[in-house]
Amino acid sequence: MSLTLERDSLAALSLGFSLFGSGGGGSPHLLRLLLEQSDDWPIEISSVNELEPSTPCFAPAVAGSTLLFSERLPGQDAFAPLLESAERWLGTRIPAVCSAEGGGMNGLAPLLFAPGRTVVDADCTGRAVPSLDQFSLLVDEVPGLIVVCDTGANGIVLVQSDRPADIEKMVRSALVQAGGVGNVLVAGFTIDDLRRHAIAGHLERALELGETWMESSCRADSSAGVIGGLRRIGAGRVTSIVQDLDDEHVHTAQIVGERGEVCRLIARSEFLAFVVDGRVHAAAPECLVAVDPLTSEILEATALSVNQRIEVWSLPVDDWWYRREHRLRRVTPAEYRLAGLDIARPDSTRAGGNDVR
Amino acid sequence: MSAELSTETLFAHSDNGGLAYVAGPVNREWEGSEIVDDIGGLENRTHSDALLILTSTLPATPWQQDALLRTVRDRGFAGIACQNARVADDGAKRLAERFRITVLETDDPFKLAKACWHLLEARDALTLHYIRKVAHAIEYPAAELNDLLAHFSANIGHSIALIDEGGPLLESRESLPADLHREIDFTKWLSTAASGRYTAVSVRVDSPARQGLRLIIYGVGIGDRQLHALGTVAEVMMPAVAARIMIDEHATVSDSAEASQLIRDFLEPRSRHDPHIERRMHQRGWGTAGAHVAFHVALREPAATYSVHRAIRRQLETSGLPAPRTSTHEQGVLGWLTFAEAPSPAALQSHLTTLRQAFFSVREHLDVAMGVGSLKFGAAGLVDSINEATGASRMATGLSKSGYLVQVERYGVEELLLTWTTSDAFLPAAETLLAPLNAESGALVETLAEYLDNGSIVQATSQAMGLHRNTVSMRIQRAQQLLGIDLSSSESRLALHLACRAVLGRR
């Protein structure tokens with residue numbers, strides 16, 4: 001069942017993807033500005049069930065440093081050379097586009113291709129993730145996938161491998177060559193692959209979540225602690241932010257809670273876990289959202305600072321991640337060599353309350 | 001709750017594996033202890049108010065530290081000790097406070113576990129543990145009693161002192177608090193005492209050389225079981241201490257006799273420039289080069305000279321004076337300060353002030369007098385200064401109004417002599433001598449004094465007194481008759497002259 005996306009919905013959709021960013025994935029703000037200038041509104045969004053299963057599809061994304069991305073604004077046709085290379089390699093036009101990463105800025109990327117390509121409501125992550133090999137199609141090792149990437153100075157690299165880790169390494173090298181940030185395009189899959197190996201309906205869910213969040217009037221009813229799928233799991237003042245001794249990318253914000261509880265918000269490029277008085281209350285793949293309670297600004301992991309007051313919300317991801325053990329393994333904190341933060345039973349995590357005494 | 005196992009008793013245990021406080025409640029008592037390799041290895045039961053000892057180190061990441069503390073709390077423990085606990089971050093320390101869990105660091109968890117066992121269950125083992133330490137301490141050579149106490153103290157890990165009812169005589173490690181000293185029962189063979197956070201156990205020292213001594217072991221947080229064990233330890237140490245006192249006394253007496261003989265030899269006029277005596281002086285560390293100020297402390301009542309010597313030496317050692325040399329000499333104690341170069345007048349005054357203070361401190365316990373010689377140079381100068389000091393101390397013994405202290409440097413020879421005339425011994429004699437004159441007329445004493453002041457010349461005396469020369473002559477003749485003394489004798493004149501000064505000075 002198709003969805004007609006109006007220009008007015010863009011703000012709520014951006015907000016929804018920000019929430020699924022889990023403190024990472026970059027801000028959708030710039031892509032939203034680009035899309036608002038487009039004349040091609042409204043945009044029709046098709047569901048995976050409406051399209052012919054054999055229809056080829058691609059997933060565009062900006063990868064690398066989101067900070068650099070904000071300094072090097074993308075053109076609307078930045079993906080054109082990548083798409084052309086992918087179609088030449090595959091020997092066929094790719095008529096459908098879906099989102100590669102449904103958290104942060106990349107959630108809006110497929111809309112750049114409307115109306116020339118059919119935008120399909122399917123996503124390869126359901127939240128922001130730091131690596132390409134965490135895209136659902138690569139996690140499930142869908143055969144025939146290719147990844148095309150900028151290398152800078154009009155260079156393009158196309159990688160095909162049965163090992164997702166190789167793809168991640170090759171593309172990461174290309175991005176370094178490109179100056180730290182670049183466009184990436186995943187292709188070589190079909191609508192049928194999306195039905196079985198991706199998160200269908202994620203765009204619509206992000207839109208609904210964004211609308212609910214906005215309708216809550218900047219969370220005037222947040223005292224209830226639940227907005228849509230979001231659950232408020234902590235609030236307090238950041239008293240310190242310390243870098244991990246073993247992994248310089250890992251930072252732990254210590255938060256003194258409203259009732260004196262000792263909270264830890266552990267982040268890499270995204271928030272990965274929230275611990276209260278030594279108990280893990282939420283952890284990836286669940287999304288964690290840090291919000292400034294005064295401005296309602298959704299804070300990225302890099303934006304936390306000492307003495308800042310924040311609220312922490314958890315947002316469940318699609319069950320797709322939980323259906324197979326190998327999927328879950330790729331997104332829990334243990335994937336990042338962070339011991340003691342995985343939650344064995346996600347269902348109990350969602351049902352769990354704050355037991356601070 | 002038992003106070004046998006607590007932060008205080010553990011810190012007071014000499015072999016606690018290098019225990020250090022990290023976070024949580026500072027004063028904590030535990031019902032027991034448990035040692036495990038890993039928190040996951042604990043049985044899933046509560047350990048009511050026990051101390052958990054982990055053989056593994058504290059996790060490095062803050063959230064793992066939090067999780068560990070949570071598990072410790074959930075299992076009912078009230079404290080945790082492990083290696084590297086000092087790396088606990090601020091949040092973990094805050095959480096320890098929140099959960100009321102004491103976090104301790106130990107370098108050796110097994111030693112800590114053993115210490116817990118000693119305190120909780122194995123009193124005899126604890127005693128044996130201490131006795132072994134005492135045995136080890138005896139293996140080390142001790143030059144004197146102080147050394148022996150230091151070895152004992154270092155080995156058992158507690159402060160030790162030798163005390164009498166007046167206070168501590170020797171202390172090792174920490175000073176004995178005065179409040180604790182007041183609580184000690186000197187009548188019992190073995191007694192315990194407590195004051196504030198300090199507890200102690202003491203035993204009487206049966207030494208024929210010194211009476212009223214006790215050997216005391218004390219410290220902060222020593223629990224009942226430790227005190228019981230340390231009581232036995234004190235009893236075991238006591239004979240060694242008593243024997244050491246005897247040995248030291250004997251050594252002191254022998255040394256004192258030898259030193260005293262050397263001083264006598266040095267002062268002998270015929271021994272001057274004797275290289276053999278010079279060499280013996282040097283061997284004792286009594287260099288004769290440089291500048292010297294001697295002092296002599298004389299006894300005003302019978303006492304063992306070497307005991308006084310020991311008391312004075314102890315007082316001087318703590319006075320800050322530059323390495324005073326001391327020896328028994330002439331019913332007292334001789335000492336001198338040696339300077340490589342002549343000290344400035346201010347510096348010398350400062351040293352002499354310190355010496356006076358030390359003397360007055362000694363006088364609080366002993367009835368002594370002190371004479372201080374003047375600053376002299378070289379071997380001959382040292383002899384002179386010693387002779388001055390010895391003479392001055394003889395005078396000082398009768399000078400109550402000068403505090404039984406005479407400093408040659410302060411007086412000229414004449415003034416010194418006159419000062420002597422005011423001594424407690426001379427005045428009564430002078431008054432007796434002149435009593436016949438006073439019985440007849442006070443004018444006779446005054447005329448006699450003026451006559452002697454004016455060189456025994458009648459004319460000069462009559463002029464000085466405004467009297468007729470015949471009156472003066474008559475009074476002098478009358479005085480001679482009454483006193484029965486021949487004024488043509490210079491010795492008689494000198495004695496009468498001094499007696500007149502003393503008597504008229506008192507008036």
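The table for this structure:
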| quantity | calculated |
| --- | --- |
| Residue, least open to solvent (accessible area, probe 1.4 Å), within the stretch A:26-50, restricted to residues that are closer than 21 Å to A:G229 by Cβ and at pLDDT 90 or above | A:I45 |
| Residue list for the stretch B:150-168, restricted to those being crowded, with 18+ Cβ neighbours inside 10 Å and either over 11 Å from B:I217 (Cβ atoms) or among the aliphatic types (A, V, I, L, M) (or both) | B:A150, B:H151, B:N155, B:I156, B:I160, B:A161, B:L162, B:I163 |
| Complete set of residues in the stretch B:98-110 that are in contact with a strand residue (DSSP E or B) (Cβ under 9 Å, 6 or more places away or on another chain) and more than 9 Å from chain A (Cβ to nearest Cβ) | B:I101, B:T102, B:V103, B:L104, B:E105, B:T106, B:D107, B:D108, B:P109, B:F110 |
| Some residue of the stretch B:136-149 being over 28 Å from the mean Cα position of the chain (by Cα), over 25 Å from B:I53 (Cα atoms) and open to solvent by 50 Å² or more (accessible area, probe 1.4 Å) | yes |
| Close pairs from the stretch A:242-269: first more than 11 Å from A:L338 (Cβ to Cβ) and at the interface with chain B (Cβ under 8 Å from one of its Cβ atoms), partner open to solvent by less than 30 Å² (accessible area, probe 1.4 Å) and in a loop (DSSP other than H, G, I, E, B), Cβ under 6 Å, at least 6 apart | A:E261/A:D277; A:E261/A:V356; A:V262/A:D277 |
| Test for B:G290: is it closer than 18 Å to B:L352 by Cβ, modelled with pLDDT of 80 or more and surrounded by fewer than 19 Cβ atoms within 10 Å (Cβ to Cβ) | yes |
| Strands (runs of 3 or more DSSP E) completely within the stretch B:307-387 that count 2 or more residues being of a type in the set (G, A, S) | B:332-339, B:368-372 |
| Residues that are of a type outside the set (G, A, S), at the interface with chain A (Cβ under 7 Å from one of its Cβ atoms) and under 53 Å from the mean Cα position of the chain (by Cα), drawn from the stretch B:67-97 | B:L69, B:D89, B:D90, B:R94, B:L95 |
| Check on A:L111, under 20 Å from A:E208 (Cβ atoms) and not assigned by TED's automatic domain parsing to the domain that holds A:A284 | yes |
| Residue selected from the stretch B:56-66 under the condition buried (at least 20 other Cβ atoms within 10 Å of the Cβ) and touching a residue at least 12 places away in the same chain (Cβ under 8 Å), by the criterion nearest to the other protein chains (Cβ to nearest Cβ) | B:D66 |
| Criterion violated by A:A284 - all others in (1) away from chain B (no Cβ under 11 Å); (2) surrounded by fewer than 23 Cβ atoms within 10 Å (Cβ to Cβ) satisfied | (2) |
| Residue count for the stretch B:150-162, restricted to those that are closer than 25 Å to B:G212 by Cβ and at pLDDT below 90 | 1 |
| Pairs with Cβ under 9 Å, 6+ apart, first in the stretch B:10-21 and farther than 18 Å from B:R197 by Cα, second assigned to a strand (DSSP E or B) and of a type in the set (D, E, K, R) | B:G18/B:E105; B:L19/B:E105; B:A20/B:E105 |
| Flag if B:G455 is among the small types (G, A, S) and either crowded, with 19+ Cβ neighbours inside 10 Å or modelled with pLDDT of 80 or more (or both) | yes |
| Hey, B:A323 at pLDDT below 80 and surrounded by fewer than 13 Cβ atoms within 10 Å (Cβ to Cβ) or not | yes |
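Here's the yes/no breakdown for (1) in contact with a Ser or Thr (Cβ under 7 Å, 6 or more places away or on another chain); (2) open to solvent by less than 10 Å² (accessible area, probe 1.4 Å); (3) of a type in the set (A, V, I, L, M); (4) over 23 Å from B:E258 (Cα atoms):
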{"position": "B:L334", "(1), (2), (3), (4)": "yes, yes, yes, no"}
{"position": "B:A340", "(1), (2), (3), (4)": "no, no, yes, yes"}
{"position": "B:S344", "(1), (2), (3), (4)": "no, no, no, yes"}
{"position": "B:L352", "(1), (2), (3), (4)": "no, yes, yes, yes"}
{"position": "B:S361", "(1), (2), (3), (4)": "no, no, no, yes"}
{"position": "B:A369", "(1), (2), (3), (4)": "yes, yes, yes, yes"}
{"position": "B:S374", "(1), (2), (3), (4)": "yes, no, no, yes"}
{"position": "B:A379", "(1), (2), (3), (4)": "yes, no, yes, no"}
{"position": "B:S385", "(1), (2), (3), (4)": "yes, yes, no, no"}
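The values are calculated or read from the model by the stated rules, or taken from the named source; none is laboratory data. Not measured: the values here are computed from a predicted model. For neighbour counting, all protein chains shown are included, and Cβ atoms are generated from backbone atoms with ideal geometry for every residue, glycine included. Remember, those area values only see protein heavy atoms, side chains included, never the ligands or the DNA or RNA. Shrake-Rupley method; radii C 1.70, N 1.55, O 1.52, S 1.80 Å.
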